[in-house]
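The values are calculated or read from the model by the stated rules, or taken from the named source; none is laboratory data. The model shown is predicted, which means the values in this text are computed figures rather than measured ones. Cβ placement follows ideal geometry from the backbone for every residue including glycine, while neighbour counts extend to all protein chains displayed.
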């Protein structure tokens, strides 16, 4: 059963995300979301959902399975992906998926001049990039092909937008724009028990109505429970892996510390041994110089020993 206290669906579950953004009855939610994200485009007034599974062009090609894939009435493609865990080649994967939306535009059977419609990929991330030290607080990243020298956009028909949802930390009272509201819901919808006052609009009221778990039919509830279980099991496994990694790191740190200590000890030992060796050599040279009747000033210059040390050596040698 769905745990008591969660009135609204979790948008980071596969079911929750596709329920709110991927059903025909809710496509105006997807349109509003895309219009908020891509303000430089003409307002999207209609979209058509396309098949989300794409086979490769040869047997060895991998297939691509998009979370959501649609096009507007101008033929521009939109790939919307929820990424719940960090992947080593996440950016590569985004580019690879975008190539399907590009290649399928090829016109076959007649001459084609390679004119393309825009392709827009949205990555909704439940993690953060760790390779972007600049603008550490920036949670939205718009990426296009750019001339490296002039920093001008070279090609504007291929756009990637990455949303680092964990970085979005505004409270309800701090929301000032619709994009703020959408990010707030992506992160917090399942934690809410009411519709916030700032979300009193037709679009958001419909969203809350569609997201209310109590209104799901039996099939939807079972599907959501399964999806939520997968999500929670995944998070639990991830946290376990992180904790084991932290324990292993601490253990490794202690081992490295011990090894470093031993290494440092050997290093210090060598330094101390070298120092003692040099001291011993200086003493032997000083004793020889004393036996030869040389004065202290000359011996000090020769060995680096102090006048007091040399006088002690004179007493030992009875000179």
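Observations on the model:
- Residue pairs whose Cβ atoms lie under 9 Å apart, separated by 6 or more positions or on different chains, with the first residue in region 208-219 and over 16 Å from residue 25 (Cα atoms) and the second part of a loop (DSSP other than H, G, I, E, B), are 213/2; 213/6; 213/7; 213/9; 214/2; 214/7.
- Of the residues making up region 171-211, those that are in a loop (DSSP other than H, G, I, E, B) and closer than 21 Å to residue 39 by Cα number 4.
- Where strands (runs of 3 or more DSSP E) fall entirely within region 28-131, those with at least 2 residues that are over 24 Å from residue 206 (Cα atoms), in contact with a helix residue (DSSP H, G or I) (Cβ under 9 Å, 6 or more places away or on another chain) and at pLDDT 85 or above are at 77-83, 119-125.
- Enumeration of residues in region 295-312 that are surrounded by 15 or more Cβ atoms within 10 Å (Cβ to Cβ), within 18 Å of residue 280 (Cβ to Cβ) and at pLDDT below 85: 299, 300, 303, 305, 310
- Qualifying residue in region 102-110 (condition: in contact with a strand residue (DSSP E or B) (Cβ under 7 Å, 6 or more places away or on another chain), surrounded by 11 or more Cβ atoms within 10 Å (Cβ to Cβ) and under 25 Å from residue 90 (Cα atoms)): yes
- Just one residue in the set 276, 256, 260 is modelled with pLDDT under 75, in a helix (DSSP H, G or I) and loosely packed, with under 11 Cβ neighbours inside 10 Å; that residue is 276.
- Within region 15-27, tally of residues that are without any contact (Cβ under 8 Å) to a residue 60 or more places away in the chain and touching a helix residue (DSSP H, G or I) at 6+ places or on another chain (Cβ under 6 Å): 1
- For region 139-164, the set of residues classified as touching a strand residue (DSSP E or B) at 6+ places or on another chain (Cβ under 6 Å) and not in a strand (DSSP E or B) consists of 139, 147, listed by residue number.
- Qualifying residue in region 147-162 (condition: at pLDDT 95 or above, closer than 20 Å to residue 15 by Cβ and crowded, with 16+ Cβ neighbours inside 10 Å): no
- Condition met for residue 228 (modelled with pLDDT under 95 and either touching a strand residue (DSSP E or B) at 6+ places or on another chain (Cβ under 6 Å) or buried (at least 16 other Cβ atoms within 10 Å of the Cβ) (or both)): yes
- Set 175, 197, 183: member being free of Cβ contacts under 8 Å to residues at least 60 places away in the same chain and over 31 Å from the mean Cα position of the chain (by Cα): 197
- Matching residues in region 32-41 - criterion: being over 24 Å from the mean Cα position of the chain (by Cα) and either without any contact (Cβ under 8 Å) to a residue 24 or more places away in the chain or closer than 28 Å to residue 234 by Cβ (or both): 35, 39, 40
- Of everything listed in (1) surrounded by fewer than 10 Cβ atoms within 10 Å (Cβ to Cβ); (2) closer than 20 Å to residue 9 by Cβ, the single unmet condition for residue 210 is (1).
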